[in-house]
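The values are calculated or read from the model by the stated rules, or taken from the named source; none is laboratory data. Everything quoted here is computed from the prediction, not taken from an experiment. For neighbour counting, all protein chains shown are included, and Cβ atoms are generated from backbone atoms with ideal geometry for every residue, glycine included.
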Amino acid sequence: MCPTKITVKKRYLSLVRNYLVTSLGRDLLLNTLFALLIIAVILLMGRLAFPTQFTELALWYRKFAVGLVFISLGFMASYYVSFWILQNVRRIVAPAVASLVGALSPFGISFILTGKLELSQLTNQLSAALAGVGILFTATISSLVKKKLEDEE
């Protein structure tokens, strides 16, 4: 027997995110620590095998290790951002689509009336559309943060 109706509450995605972040965080931490351990072994071997060039080797692997840590942190941050976008997709997509339609509609109207696509102002129109999306995205985030703060009071 299959369920006929499934209801998903607002907290569902945050619960899924929090559940999955435990294993993801653990795996990221272990992989990062293992990679840093490998770097330490390589530096030890480099110190023994190439003592005159060790400074160059150490400088390169220091940058590599910092990048490795930042990649792990960036992956975790992108994980949270993607879940936030998934939770608020309606509030984000609607302003973006509206601004793109507003910016690109002159091209559509021009094409319908004349049969020609005037691309002379394409760069300006696309810049306006992207600026509009950025402004609306910022306004959307601001309203969501304001609503969240008001809900907590």
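Things to note:
- Only one entry of LEU59, LEU113 meets the criterion of being among the hydrophobic types (A, V, I, L, M, F, W, C), loosely packed, with under 12 Cβ neighbours inside 10 Å, farther than 22 Å from GLY25 by Cβ and at pLDDT 80 or above, and that entry is LEU59.
- A single entry from TYR12, TYR19 fulfils the requirement of being of a type outside the set (A, V, I, L, M), closer than 19 Å to TRP84 by Cα and loosely packed, with under 11 Cβ neighbours inside 10 Å: TYR19.
- Taken together, the criteria place LEU36 among residues that are free of Cβ contacts under 8 Å to residues at least 60 places away in the same chain, surrounded by 11 or more Cβ atoms within 10 Å (Cβ to Cβ) and more than 20 Å from the chain's Cα centre (by Cα).
- Residue match in the range 15-27 (condition: aromatic (Phe, Trp, Tyr) and farther than 29 Å from LYS148 by Cα): no
- Residue check, ILE85 modelled with pLDDT of 75 or more, part of a helix (DSSP H, G or I) and farther than 30 Å from VAL21 by Cβ: no
- Here ARG47, ARG26 are screened, and the one residue that is among the basic types (Lys, Arg), surrounded by 12 or more Cβ atoms within 10 Å (Cβ to Cβ), modelled with pLDDT under 95 and part of a helix (DSSP H, G or I) is ARG47.
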